[in-house]
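The values are calculated or read from the model by the stated rules, or taken from the named source; none is laboratory data. Quick caveat: nothing in here was measured; it's all calculated off a predicted structure. Glycine also receives a Cβ, built like all others from the backbone with ideal geometry; neighbour counts cover every protein chain displayed.
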Amino acid sequence: MAAGPADAGETGIFSPPYLAATLTFVAVMFLTGFAALAVVPTLPTAARELDGVSLFPVVAGCFVAASLLGGVLGGHWADRAGARRPLALGMVLSVLTLLVSASSPSVWQLAAGRFLDGLAAGMVAVSVTTAIGQSYPERLRPRMLAMMSASWVVPSLIGPPLAGVVVEAWSWRVVFYGLAVLTALPALALVVVLRDRPDRGREGSVQDTGTAAAVPPSADERAARPPLLVAVMLSAGAALGQYGVSAWDARHLVFAVAGLVLLAVFAPRLLPRGTWRSARGLPTAVLLRGLTSGTFFTVEALVPLVLITERRVDAIVVGAAFTASALLWAGASWMQGKALQHVARHRLVIVGALIMALSVALAVAGCADGVPAATAAAAMPLSAIGMGLLDPCVTVLSLRHSAPHRQGRTTGAMQTNMNLGQVVVLAAAFAVLNASRAAGASPLGGYGLAFGLLLVPTLSVAVLAVRARGDR
């Protein structure tokens, strides 16, 4: 008996029409997450052995700066030729960048390796999100995005501690070489599998979802696409900004100002018109991605720093906070995609933003004298709950406002503003921290002020989320 509409409506992300795509995307995100989370704890040791501790902000910031460029390249390539090719190239490039970093004779080559790794990561992230939009009907997208978040759970649990063991027993270079070997075979298999398959990104989703087939971009749309130079200048601005906030003196201030000027001039050309003034629909969805990701990753950067340097908390406590964050993000993401799938997406964004605001308040309180350090540590997992709820919802809203042939450009804009949010919010927080120290404030007081700044983006998201809601 042929399946009727009701039966068709019961298909899930692991049903036969979507099984191959689901397994491929899960494998890619698992490997990406494992590499990203295992590399991070090795970078301080690598910078120390290469006599480049003073340039550590550059090494760390190169990844984010290059992700901006990778997201733009991947998004526009996905619109022109589908998501498969940039995804395959991004995976191959990931292997090469690990080898570049592993063989570094100087901190500058390590920085170059991290830059190339960010380029690959940006391409992969945008390509995967675009492919999800092209391969699944809207009702399955929240579940698939939740699966993407869940794919980071195991890497977050075993990646950092395993990397630490390898560094202590052998060398930080072994971590990079090992990750290259681990990623090489799946990357090669992905290229072979996808090489001869026609990409359906220009023709709509794999299954007929009831939407019209995609229309190729017009000549006007192609002409309106920003040149590569814009993305390059934006990445340069992000890198200058990261370097500029690494210290508080006149020279670094010049670099910081130059970076912010480049971001202000070139970022609007890579974002939907009206993003920074929160125009209704897609522009607001893109803005929300920047504000939330910037807040979350600033919390993840500052909380461990204050716990270890000022509160003298054991590293195991910080590690437990990271583990709890990964688990709770995945749990909240699953909840929004399964248990709360009938709740309006913009309402879940509001709830998630308010939870993040509460986490920021906990971080501020944890910087007060006499308050247990665990108060600040709790900010990380609580913030992860908020992100797990709202982040997939923001992505769904952005895809809802995008025509099929523009989903690559949309996901590129989302990736761009996510990285911009990390650069700008983190830079603003460190500027407040360094300025307070220069003014003679206590170290804990400076951190409290930096955390307090994060209430601005979180509460702004709660207020603006209604402007991103769709018609469905």
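With the condition being touching a Phe, Trp or Tyr at 6+ places or on another chain (Cβ under 7 Å) and under 29 Å from GLY75 (Cβ atoms), I'd like the helices (runs of 4 or more DSSP H) fully within the range 392-472 carrying at least 1 qualifying residues.
So the answer is 407-438.
Need pairs with beta-carbon distance below 9 Å; first residue aromatic (Phe, Trp, Tyr) and within the range 275-286, second surrounded by 24 or more Cβ atoms within 10 Å (Cβ to Cβ); sequence gap 6+ or separate chains.
Final answer for the pair search is TRP276/LEU287.
Quickly run through the range 323-372 and pick out the residues that are crowded, with 21+ Cβ neighbours inside 10 Å and of a type in the set (Phe, Trp, Tyr).
Residue satisfying the conditions is TRP329 alone.
Can you find even one residue in the range 388-404 that is touching a residue at least 12 places away in the same chain (Cβ under 8 Å), farther than 30 Å from LYS338 by Cα and either touching a Pro at 6+ places or on another chain (Cβ under 9 Å) or surrounded by fewer than 20 Cβ atoms within 10 Å (Cβ to Cβ) (or both)?
No: the range 388-404 contains no residue that is touching a residue at least 12 places away in the same chain (Cβ under 8 Å), farther than 30 Å from LYS338 by Cα and either touching a Pro at 6+ places or on another chain (Cβ under 9 Å) or surrounded by fewer than 20 Cβ atoms within 10 Å (Cβ to Cβ) (or both).
Condition first: more than 15 Å from VAL28 (Cα to Cα), under 19 Å from the mean Cα position of the chain (by Cα) and of a type outside the set (D, E, K, R). Now tell me which residues in the range 99-126 satisfy that.
GLY113, PHE115, LEU116, GLY118, LEU119
Of these, GLY281, GLY290, GLY294, which one is farther than 22 Å from LEU69 by Cβ and of a type outside the set (A, V, I, L, M, F, W, C)?
Every option except GLY281 fails the conditions.
Assess whether SER101 counts as being buried (at least 24 other Cβ atoms within 10 Å of the Cβ), at pLDDT 80 or above and within 26 Å of ALA169 (Cα to Cα).
So SER101 fits the description; yes.
All but one of (1) farther than 17 Å from LEU271 by Cβ; (2) buried (at least 19 other Cβ atoms within 10 Å of the Cβ); (3) at pLDDT 80 or above hold for MET414; which doesn't?
(1)
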